[in-house]
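Below is one structure, written out as C-alpha cells; the observations come after it.
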Amino acid sequence: MIFSMKKIRISFFYRQLLALVVINSIPLIFVSTELLSSSYSHIKESQEILLKERLSFLSSTVASAILFDDVNTAHSILSTLEQDKDVRYARIYDADSNLFSEYSRLNEVDSSGFDSSNEEIEYAETIIYLRSPIIFDNEHLGFVTLSADTYYAGQTKRTDFYLALVAVIIGSLSLALLLNWFVQRRLSAPINNLMGVIKYVSRQAKYDRQLAVPNDPEFSELFIGINEMLNTLSQHEQEREEASAQIIQSSKLATLGEMATSVAHELNQPLQVIRLAVANASHRIASGNPDLEIVSEKLSRIDGQAERASAIIDHMRIFGREAKEELEYIDPKMVITNSLDLMGEQMRLNNIEVTSDLPEECSLVLGHMILMEQVMLNLLTNARDAIDQNSGERKIALRVFEDAEGVHITSTDTGGGIPEDVLPRIFEPFYTTKDINQGTGLGLSVAYGIVRDMRGTIAAGNTANGAQFTITFPLTSD
C-alpha cells in the first residue's frame, strides 16, 4: 500500500509538471516562432541593404575601368570581394550586355538566368541576386550583377537567437519545476490528510474521524465543510444503530414470548425431578431409618436439576439483554448448539425433527454470539411456521461447513419453499406472507441487518422440499 501511495504521488507530481511545461511551452513556442520569423526577415532586409550599398560602390568604382577599357583594373576591384564569404559571384557587363569582367567563388555556378533578365533583385531561398546600372555623366556604360548567400550573413545572429531560445526553454523548465515543487509542497499535506480520512471511512464504514483544518484559506473552508458532513453522517449512523438495536431487542423479546410455553415445559422437567427426589428423601427420613447414601444421591440429583434449570434461566436472561459488545471471535458450532438449547424443546413439542451437521473443527468468525443466536432463532421460527402450514415431512437440517469462500451456516426445511415472486423481497422490512397474528415481517430483515453488520452475507433459496437459508462469513486471519 505504501508503494502504491508513492506511485500515486509521483504520477501526480509529473502530471503537474507536464501541465506546467505545456502551459509554459505553448506561448514560448508561439513567441519563438514569431521572433524567428521576424529575425529572419530583419536579417534579409539588413543583408539586402548592405549588398545594395556594396553593389552601388562597385558600379561607381568600375565606371572608369569600362570607359578606358581597363579589364585588369576591373578584375582588381572585383577581387576585393574575396574577403566577403557571403558573395557568390559578381559580373560586370558593358553597354551591349557583353561580359567585361567577373569574380566567382570556387564551385559557385549561376543557374538562375538572373543576369540575362531585367530584374533588379531576386531571391531563391537564401540566395539573393542584385543588379545595378553603371552610369557616368548620365551615360549608361553597362551594369553590375552580384549574388550572395544570406545564410552566412545571418548565421551568427541565428546562433545567438538559438542560444537565447535554449536559455529561455531551460529557464521555463526550471520555473515549471520550481512552481510544481511549491504547489506539490503546498498541496501534499492537505491531500494526504483528506486521503487518510477517505480511506478510513471507506474501509471502516465509520464517520468518527475529523480532518485537520489547515491555515490555508483555500482548503480550510473545504475541510470545515467535510468535517460538518462527517459529523452529520456520524449522527445519522448513530441514530440508525440505535434504531436497529431497538428493533433487534424488540424482536428478541418477541421471540422469548413465543418460546415461553416450551421454556416453561423444559423448566418443568427438572422441577418435577427435584419434587420427586425431595419426596423420596423426606419419606426415608420420616421412616426413622434413613440410608445416608441414598439421601446423598437424592440431594446430588436435586443439585444437578437445579443447575440445569439455572442454566436455562441464565441463557434466557443473557439472550434477552441488549447486545452492545464489539465484534469478537465466535464459534459457529456454538451458535447452533446454543440456539437448539433455547428452541429444541419447542421443536420437539411440535413434532419437528431437527438435525445438526457440525464439523469437529471450524474457523472462528467475527460476530456477536447473542445476535447470531437471534438470527438462528428467527430462521428456526420461520422454518417451524412453514412446516406447520405444509403437509409432509417435518424436518429441519442445520449445517456448518467451511471452504475457500468462508464459513457457511445453512438452515434447510421441508416447509414447501418460498414462492419465486417473494424471494426478491424476502429480506425487506415488514414484508411477510404470514397471517397478521403470526408475524410482523421484521424477523428476516433483522437477521439480514445483523449478518451484514458482522460483515457477512445471508441468502435465501429453494430446495426440492423447502427453503434453504445460507449465512456466509469471511475467513479471518486468526
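Readers should treat all values here as calculations from the given coordinates under stated rules, not as data from a laboratory. Since this is a predicted model, take the numbers as computed values, not measurements. Neighbour counts are summed over all protein chains in view; Cβ atoms, including those assigned to glycine, are modelled from backbone coordinates with ideal geometry.
The phi-based Karplus calculation (6.51 cos²θ - 1.76 cosθ + 1.60; θ = phi - 60°) puts the 3J(HN,Hα) values of the stretch 443-457 at x, 6, 5, 5, 4, 4, x, 4, 5, 5, 5, 8, 6, x, 10 Hz, whole numbers, x for Gly and Pro. Label-to-label distance for Y329 and N465 is 3.8 nm, based on points extended 7 Å past Cα in the beta-carbon direction.
Computed from the C-beta positions of E228 and A205, the FRET efficiency with R₀ = 22 Å rounds to 0.70.
With r as the distance between the Cβ atoms of I121 and L178 and R0 = 56 Å, compute the FRET efficiency 1/(1 + (r/R0)^6) and round to 0.05.
0.65
Our summary gives the stretch 327-478 a relative contact order of 25 percent, counting only alpha carbon pairs under 8 angstrom and 6 or more residues apart. Residues whose amide H lies under 5 Å from that of S101, counting only those 5 or more places away or on a different chain, are I92; hydrogens are built 1.01 Å from N in the peptide plane.
In this structure the amide hydrogen of I135, modeled in the peptide plane, comes within under 5 Å of the amide hydrogens of L141, none closer than 5 places in sequence on its chain.
Residues in the stretch 373-384 carry Karplus couplings, in order, of 4, 4, 4, 5, 5, 4, 5, 5, 5, 4, 5, 4 Hz; the curve used is 6.51 cos²θ - 1.76 cosθ + 1.60 with θ = phi - 60°, and Gly or Pro positions show x. A simple packing score, the average count of other Cβ atoms within 10 Å per residue, orders the peptides 140-149, 396-405 as 140-149, 396-405, with the highest score first. Among residues other than S101 with Cβ under 14 Å from its Cβ, the summed charge is -4 (Lys and Arg +1, Asp and Glu -1).
Counting only Cβ charges, +1 for Lys and Arg and -1 for Asp and Glu, the dipole size of the stretch 327-478 around its Cα centre is about 360 debye.
Can you put D137, D385 in order of Cβ neighbours within 10 angstrom, beginning with the fewest?
D137, D385
On full extension, the segment bounded by A286 and Q389 gains 31.7 nm, given 0.36 nm per residue less the C-alpha separation.
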